[in-house]
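The values are calculated or read from the model by the stated rules, or taken from the named source; none is laboratory data. Computed from a prediction, not measured in an experiment: that's the story for all the values here. Cβ placement follows ideal geometry from the backbone for every residue including glycine, while neighbour counts extend to all protein chains displayed.
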Amino acid sequence: MKIFLVRHARTDWNDLGLWQGNCDVPLNRAGFEEARKIAERFSKQNVQIVYSSPLSRAHQTAKVISEMLKVPVVLDERLKECEISLWNGLTMQETLQRFEREYLIWSTDPAAQIDGVESLQNVQNRIVQFFNELLQKSFESVVVVSHALSLRTLICWVLRLSLTEHRNFKLDNGSVSLIEFQDRIRLVYLNDTCHLDQNNL
């Protein structure tokens, strides 16, 4: 089974560098163009189904892909982004100015219990639960549209890395990473954006 992990396409909040968490921010014009290019990339793959976070920016990305490929899209709550209502709408600089203590605890302790912020461990637990259920199905190729932090926790699990290592790699908007499951689970490539021509966005 090939499992293509897609980070949703761009939003205005992405362009402004703001935390989005579970705020339901839609794609912007450039984001819809990115989604179209992602879909074109998959047109040569035998994708049978698209799974998506229900948040608009992911669902809109998934819908463009599913419509072009003429395959169903299924929403799953476990693919949502980390709940970070404590600093939603803030830049990283603003977060560190106002909530430095909370951020440092959260980013260094995967099990940290902080009001208004979901622990990294909880994020990983729910997306890994989804992933393990997916591995029991008989699809040849699947697209999973989710969010940067959620997908990074999954990749840490695949690579057997500590959750605190998730900041040591990045997932750009509209990027594709591939996990392959045959005799074992392997990360084939990470954060591929070759399908995006930035000059045309």
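Residues in the range 181-197 that are loosely packed, with under 14 Cβ neighbours inside 10 Å and among the acidic types (Asp, Glu): 183, 197. Please tell me if residue 178 is in contact with an Asp or Glu (Cβ under 7 Å, 6 or more places away or on another chain), under 27 Å from residue 30 (Cα atoms) and aliphatic (A, V, I, L, M). Answer is no for this residue.
Taking the conditions exactly as written (in contact with a Lys or Arg (Cβ under 7 Å, 6 or more places away or on another chain), under 25 Å from residue 57 (Cα atoms) and part of a helix (DSSP H, G or I)), does residue 126 satisfy them or not? Yes, satisfied. Residue 141 passes every criterion in (1) at pLDDT below 95; (2) touching a strand residue (DSSP E or B) at 6+ places or on another chain (Cβ under 6 Å) apart from (1).
Looking at residue 109, is it over 29 Å from residue 35 (Cα atoms) and of a type in the set (Asp, Glu)? For residue 109, the condition - over 29 Å from residue 35 (Cα atoms) and of a type in the set (Asp, Glu) - is met. Among the residues of the range 154-181, what is the count of those that are out of contact with any Lys or Arg (no Cβ under 9 Å at 6 or more places or on another chain) and touching a residue at least 60 places away in the same chain (Cβ under 8 Å)? Number satisfying all stated conditions: 2.
If you go through the range 89-103 one residue at a time, do you hit one that is surrounded by 21 or more Cβ atoms within 10 Å (Cβ to Cβ) and touching a helix residue (DSSP H, G or I) at 6+ places or on another chain (Cβ under 9 Å)? So far as the range 89-103 goes, no, none of its residues is surrounded by 21 or more Cβ atoms within 10 Å (Cβ to Cβ) and touching a helix residue (DSSP H, G or I) at 6+ places or on another chain (Cβ under 9 Å).
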